[in-house]
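Structure record follows, encoded as structure tokens.
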2 protein chains.
Amino acid sequence: MSAAKRQKTSKDGVSYELIYWPGIPGRGEHIRLALEEGGATYTDTAQPGQGGADPVLSMIGESNKGDDANPPCLAPPMLRHGDLVISQTPNILMYLAPRLGLAPSADEDEDAIYRLNALVLTALDGLSNEVHDCHHPIAVGLYYEDQKEESLRRTRDYVANRLPKFLGYFEKVLQGQASGEGPWLYGGRLTYADLVLFHCVDGLKFMFPKAMKLMEKEHKGVFALYEAVKARPKIQAYLASDRRQPYSQGIYRHYDELDITE
Amino acid sequence: MSAAKRQKTSKDGVSYELIYWPGIPGRGEHIRLALEEGGATYTDTAQPGQGGADPVLSMIGESNKGDDANPPCLAPPMLRHGDLVISQTPNILMYLAPRLGLAPSADEDEDAIYRLNALVLTALDGLSNEVHDCHHPIAVGLYYEDQKEESLRRTRDYVANRLPKFLGYFEKVLQGQASGEGPWLYGGRLTYADLVLFHCVDGLKFMFPKAMKLMEKEHKGVFALYEAVKARPKIQAYLASDRRQPYSQGIYRHYDELDITE
């Protein structure tokens, strides 16, 4: 048995530690959904009694230069698993998914993870990162109130062009042969890509309820996937629990004046 | 030998096909730099006689729903390698890097690729994607000329806050223990993360020469890495060749009115 294999085995019983801001689902939500659906044992700094924002701040503070194996992280979400500390949502998910049964392992199908990662990066680009820019088109460091006019202009473009483009893409993926049977994006089985798309749709329904209602007719597959994920017993239990953070001042925000249909 | 290992071996002699827009370095440049430094045999649709934009358009067209193994792609760059077709810059790089000797293989160190991917995603977030928003803060579908005022406002924030934040982060990574000896970001050796940071810095020097000049003093490690990559024989040969696309209307654009220092 190689050193690498021994290392993998030695982490198998080790609990996962999610390091993320309290008070919003945020990008951390994608990690939580994977951990919950995968039945993982994990801690979450967003939970009460875990130090609030302090664990995040100490990880990303100027004086933390990482350790001899891990570079420092710039921003949460971060995951600690044994000696490994990593950041970046799609990266953490790629690490977790094969371990949690949410993606084929390399032994099963060594190319599958790259197909899934492409789907995940595309969902996060168009249905998460671009959404944040709808209320912060000029500067992340300014308040929404300081960029309201530009936000409305950007949101008009988002709702008219970008939202249908990205939902239409995932509808096409669901119609393709590689999606297989059932409501899932890839290989006829639930993967972490479905969980990512679920949360994007959930956030968009909170932020743009009117526009998302209009999207239902042309994107039946995407909304069926959303319902299929939501109905899974572990996801249902999680969403009803106090481990789920409420929407507030994160990526997905509801402003009445941005809840437009064109 | 497992089926997965056989599959990997069967692709070892197969040429890589980069499918990307002609006429700009764009996101495809990160793929080209890895292929060039890795000494790979590859084709590039951006080269003369390769069909111009047609190969890209046919891959992302409405009627292409992928095949029984590969979901369709939304946007280039795309990579075909044997039966595999994938999109998304950091994803393609993650696939290529261990094969091209630009990242440790899983047998060498199974966690290294996740540390590198975090660095790459962070560089692309702050030093590529956000840069595009400097000239397109309102809508990617509009011309720069239709969003000039907002572009200047966004660029002011970028140059004052975001650029030093991200360059400062990579300077910190270079000071950390995990970077090891030499000018490199991780493990005391050149990896694909260094190539990504190199191209980001190169593009930023083209777009914001004045601001980047001011950055040199406080970010000596980042600029030393830039020079170290540029001096590598294969990179030097590539940059001098006609395989290198000139900067024009891509991510990194030079507008005099956006070449500001505060």
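Every read-out reported here was derived from the displayed coordinates using simple, explicitly stated rules and does not represent laboratory data. These numbers were taken from a predicted model, which means no experiment stands behind them. Cβ: placed from backbone, ideal geometry, glycine included. Neighbour counts: every protein chain shown.
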Which whole-percent values make up P(r) of segment A:175-232 when all C-alpha to C-alpha distances are grouped in 5 Å steps starting at zero? 4, 20, 28, 25, 13, 7, 1
Considering the alpha-carbon set of segment B:94-204 alone, what are its Rg and its Dmax in angstrom? 16.5, 52
Residues with amide H under 5 Å from that of B:I251, placed H, sequence gap 5 or more: B:G26
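Please give the direction-averaged projected area of the C-alpha convex hull for segment A:82-146, in square nanometres with one decimal. Let's see the in-between values first.
Numbers: hull surface 24.6 nm².
One quarter of the hull surface, i.e. the mean projection, equals 6.1 nm².
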Just for the Cα atoms in segment A:129-192, what are the lengths along the principal axes, largest first, rounded to whole Å? 47, 22, 12
Rg (one decimal) and Dmax (whole number) from the Cα set of segment A:11-153, in Å, equal 16.8, 52
Report the normalised scattering of segment A:202-262 as log10 I(q)/I(0) at q = 0.19, 0.30 Å⁻¹, calculated by the Debye formula with identical scatterers on the alpha carbons. -0.85, -1.16
Rg(Cα) of chain B divided by 2.2 N^0.38 Å? 1.03
Karplus ³J(HN,Hα) for segment A:224-241 (6.51 cos²θ - 1.76 cosθ + 1.60, θ = phi - 60°; Hz, whole; x = Gly/Pro) runs 5, 4, 4, 5, 5, 5, 4, 7, 5, x, 5, 5, 4, 5, 5, 4, 7, 8
extent check for the protein assembly as shown: Cα max minus min per principal axis, descending, whole Å, gives 60, 57, 51
Going by amide H atoms built from the backbone, whose H comes under 5 Å of the H on A:D44, apart from near neighbours? A:L18
Computed from every Cα-Cα pair in segment B:27-90, P(r) in 5 Å bins starting at 0 and rounded to whole percents is 4, 15, 26, 28, 18, 8, 2, 0
Partner shielding of B:178-187, as the mean number of partner chain Cβ atoms within 10 Å, equals 2
Given the options B:E108, B:E181, B:E150, state which has the largest fluctuation in a GNM of chain B using a 10 Å cut-off (strictly under) for Cα springs. B:E108
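Taking each residue in A:104-117, count the Cβ atoms of any other chain within 10 Å of its Cβ, then average. What number comes out? Could the numbers behind the result be given before it?
Working: counts 1, 1, 6, 4, 3, 4, 10, 13, 2, 3, 12, 9, 3, 9.
Mean partner-chain Cβ count within 10 Å for A:104-117: 6.
Convex hull over the alpha-carbon atoms of segment A:139-262: what's its volume per residue in Å³?
Looking at segment A:139-262, the number lands at 120 Å³ per residue.
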Calculated Rg and Dmax of segment B:11-63 using C-alpha coordinates, Å: 11.7, 35
Pick from A:G39, A:G23, A:G49: which is most flexible by mean-square fluctuation in a GNM of chain A where alpha carbon atoms under 10 Å apart are linked? A:G49
